[in-house]
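Below: one structure, written as structure tokens.
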Amino acid sequence: MPASITVKTYSDEINWKGIGDYLSAARTLTDHGSSNTSGPRIHCQGLALELALKFYLWDKSGTYPATHDLEALATDHCHDIQFSDEEVASIEHLNRQYLKDGEYFYPSRYRPNAMRVFTSMSQTTLEDLIARIIRSTSRSDLIERILSR
């Protein structure tokens, strides 16, 4: 007999709190981390942006695609937000770091190596972008709560 399957359900509260929690973690790592924390910072930034894009899609249509690809979420599914060229470039750059760091797939970014240098989206740029996405939802009242976590 197969083990029971846990079904994940969407929770508006879990999603917006998650956005704020990952932003807060990325902010802390940006302010107090070292070069060895760049991987976790990028991961937190990517998760915050992914959740914000999915929050927007859920608010708009009640569904979102099962992907972690930030670029696909932003350009293929959230195209009506009309991201600027600079925002698209930032999303593309973060996406490359979030999903895959050059030749190093996700788990390897947590293994420090002096030969690799990570760059990430600035925290201010990320928070501005997420605020813009949330403003495009029916829950724009959550912006301050998300950013202050």
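Each value in this text was obtained by applying a stated rule to the coordinates, not by laboratory testing. Remember, it's a predicted structure, so these values are computed and weren't measured experimentally. So basically every Cβ, Gly included, is an ideal-geometry build from the backbone, and we count neighbours across all protein chains shown.
Points worth noting:
- Length gained when the stretch Arg145-Gln82 is fully extended (0.36 nm per residue, less Cα-Cα span): 20.2 nm
- Remark: spin-label model distance Ala131-His93 equals 2.0 nm, labels positioned 7 Å along the Cα→Cβ axis.
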